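Here's the structure we're looking at; comments come further down.
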Amino acid sequence: MNSTRTGAVASAAALVLAASAWTAYSYLSPTGRTEFEAVTLHNPDDDQEVATAARDVFRATVERRAGARTIRNVPSEIYEVRVTHAYKGNLTGTVSVTQLPEDPPLHTGHAYIFPTVPWDDTGAEHAVLAETVPRPADHLGRPATTSTGPAHGTVDEHWTWVTTHPAAGINTYR
């Protein structure tokens, strides 16, 4: 009876040791996990919630794809964009914007609405808000479309409205 109990304890200890080793390996190995999860408290399809959650919302024209790099263990595509209108925040000039490689690529010469948060201390480098993608904005006078909630007039009028009417219950970037 004593040897049966010792064998069971040894088996359980080996199982715990193997599970711990695999967990450590999968997190620490250079070939370990490359995916990440972002916890969002906004609906990425609701422009009003997106505008409330972002620190900056602006229209910009893509000047060029500036490369790729990993930022805080997250692979990113980097684009240089020229800000043509700030709906929220006070960005001007050319800024670097990052997005995930699996998101649709941005095209040089085209304009987009970018909801972003800064990812460095200089304020010149921004990441597209989690789970969102830049919205095409080549034609500001066209009627706005949105997958949730009402669209407010043209693309320009819509983004002006959603950035000046914060969504209830959504924390804004600080």
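The values are calculated or read from the model by the stated rules, or taken from the named source; none is laboratory data. Remember, predicted model here, so these are calculated numbers, not experimental data. We place every Cβ from the backbone using ideal geometry, glycine too, and count neighbours over all the protein chains shown. When the accessible area is computed, the model is the full protein with side chains, heavy atoms only, and any ligands, DNA or RNA have been set aside. Shrake-Rupley method; radii C 1.70, N 1.55, O 1.52, S 1.80 Å.
Before moving on, here are some points about what is shown:
- Residue within segment 121-130 that is touching a strand residue (DSSP E or B) at 6+ places or on another chain (Cβ under 7 Å) and surrounded by fewer than 13 Cβ atoms within 10 Å (Cβ to Cβ) present: yes
- Residue that is most open to solvent (accessible area, probe 1.4 Å) [pool: residues in segment 103-120 that are under 21 Å from Ala53 (Cβ atoms) and assigned to a loop (DSSP other than H, G, I, E, B)]: Pro104
- Qualifying residue in segment 158-166 (condition: assigned to a loop (DSSP other than H, G, I, E, B) and surrounded by fewer than 21 Cβ atoms within 10 Å (Cβ to Cβ)): yes
- In this structure, Val50 does not qualify as assigned to a strand (DSSP E or B) and either open to solvent by less than 20 Å² (accessible area, probe 1.4 Å) or more than 18 Å from Val133 (Cβ to Cβ) (or both).
- Segment 131-151, residues that are modelled with pLDDT under 90, under 18 Å from Ala53 (Cβ atoms) and open to solvent by less than 70 Å² (accessible area, probe 1.4 Å): Thr146, Thr148, Gly149
- Just one of the numbered conditions (1) at positive phi; (2) part of a loop (DSSP other than H, G, I, E, B) is not true of Asn90: (1).
- Output for segment 67-92, where each listed residue is open to solvent by less than 40 Å² (accessible area, probe 1.4 Å) and without any contact (Cβ under 8 Å) to a residue 60 or more places away in the chain: Gly67, Ile71, Val74, Ser76, Glu77, Ile78, Tyr79, Val81, Val83, Ala86, Leu91
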